[in-house]
Amino acid sequence: MNYGEIITEVFNAVEVENCGGQVSSYIPELAGVNPKHFGVYLTTTDHFEFGIGSCYQKFSIQSVAKVLSLTLAFKMLGEKIWERLGVEPSGTPFNSLVQLETDGGIPRNPFINAGALVICDILVSQLKNPNLDFLQFIRETSDNPTLNYSETMAASEKSVGYRNIALCNFIKSFGNIKNHPGEVLDFYFRLCSIEMTCEELSKTFLYLANGGHRISDNRQVLNASQTKRVNAIMQTCGFYDESGEFTFKVGLPGKSGIGGGIIAIHPGKYSIAVWSPGLNKKGNSCKGIKFLELLTTKTKSSIF
């Protein structure tokens, strides 16, 4: 299959569309991002790579990083992590407090903010130096020692992080946050500030298309069972309360972030990163979803 030719064709078609998306504005640092950016990068398990558009421009991956924090926590604790959070789609906004009351402080899944905070709490407990150790894990997984947090973005998130502060303290009141909420929140804000290009994002996540192993040296990141489960949660919960529609339109496991980035996985075949900062009302990249919908239609590469 000529992925380069198909990606170029779809990219050119989607680039000229006006889907009406708006750049995220509630985090000041994101509000200034150029909405015209649009980049795509594909990496396959048989070592083919192709990028187009703004694919070498750094951007804040935001909630896409939640897959990496889940990966490390799952790698360290195994099935025990599911004692503290679920694996069901939430059906509510990503920063909702409502279900926590009903569910006794157990977040529905690891990708809504409440679930990501519990994962951060687990890592704060497990790691000697959470910020440095987690960054080292990402660098090793991606085989890229240059990846880093953006302290400017982390500070910007913290300055308006009232809902996340409320979530963390609310979960703490149920006993499902073990560490000091301030420490957990500082780690969470840094987690969301990680910057990558589409190329770096695609290559970092290729382990999820390769049975849990790095493509460069076959080093295991997750075992096969854990990889299957992470992909499954991405499929059902990766796009907030638009996850069902993404599955319906695209048919791949994926995860979005309010920075406009999307990572999508075709197990056994490829990892593809798309970035376009204009978001729809659900907080997902308009052009990113449209691109992936057309791509999987043309390539017939849905998992279904």
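Read-outs throughout are calculated quantities, based only on the coordinates presented, and are distinct from any laboratory measurement. Predicted, not measured: the structure shown is a model, and the values here were computed from it. Please note: Cβ atoms are built from the backbone with ideal geometry, for glycine as well, and neighbour counts cover all protein chains shown.
The phi torsions of the range 289-304, fed into the Karplus equation with coefficients 6.51, -1.76 and 1.60 and a -60° offset, translate into couplings of 5, 4, 4, 5, 4, 5, 5, 5, 5, 5, 8, 6, 10, 5, 6, 9 Hz, rounded to whole numbers, with Gly and Pro shown as x.
When the expected Rg is taken as 2.2 N^0.38 Å, what fraction or multiple of it is the alpha-carbon Rg of the chain? It would help to have the intermediate numbers written out before the result.
Numbers: Rg = 17.8 Å, N = 304, 2.2 N^0.38 = 19.3 Å.
Cα Rg divided by the expected 2.2 N^0.38 Å: 0.92.
List the residues of the range 103-137 whose backbone N lies under 20 Å from a point placed 7 Å from the Cα of ASP217 along the Cα-to-Cβ direction. Output list for this probe position: 133-137.
Using only the Cα atoms of the range 64-192, what semi-axes does the equivalent ellipsoid have when each is the square root of 5 times a gyration tensor eigenvalue? Give whole Å, largest first. Show your work: numbers first, answer last.
Working: eigenvalues 103, 57, 34 Å².
Ellipsoid semi-axes (Å, largest first): 23, 17, 13.
Note on the range 1-92: Rg/Rh from Cα positions, Kirkwood definition for Rh, rounded to two decimals, is 1.06. Between GLN22 and GLN126, the modelled labels are 3.8 nm apart [label points 7 Å from Cα along Cα→Cβ]. Isolated cysteines in the chain, defined as those with no second cysteine Cβ under 4.7 Å, comprise CYS120, CYS168, CYS192, CYS237. Put +1 on the Cβ of every Lys and Arg and -1 on every Asp and Glu Cβ in the range 53-94; which of TYR56, GLY91, VAL67 then has its Cα farthest towards the positive end of the dipole? Result: TYR56.
Using only side-chain charges placed at the Cβ, +1 for Lys and Arg and -1 for Asp and Glu, the dipole size of the chain relative to its Cα centre rounds to 340 debye. Ranked for footprinting exposure by Cβ neighbours inside 10 Å, fewest first, SER271, SER276, SER173 give SER173, SER271, SER276.
Fully extending the segment from PHE48 to LYS178, taken as 0.36 nm per residue of separation minus the present Cα-Cα distance, adds 42.4 nm. Using the Cβ atoms and a cut-off under 15 Å, what net charge is assigned to the surroundings of HIS213, where Lys and Arg are +1 and Asp and Glu are -1? Cβ neighbours under 15 Å give a net charge of +2. Every helix of 4 or more DSSP H residues in the chain counts as -39500 (n - 2.57), and over all residues that averages to -13500 deg cm²/dmol at 222 nm. Per-residue extension of 0.36 nm, minus the Cα-Cα distance of MET1 and LEU77, leaves a gain of 23.4 nm for this segment.
Exceedance of the 25 Å cut-off in Cα-Cα distance is limited, within the set LYS66/LYS300; LYS203/LYS281; LYS128/LYS228; LYS58/LYS228; LYS80/LYS128; LYS66/LYS172, to LYS66/LYS300; LYS203/LYS281; LYS128/LYS228; LYS58/LYS228.
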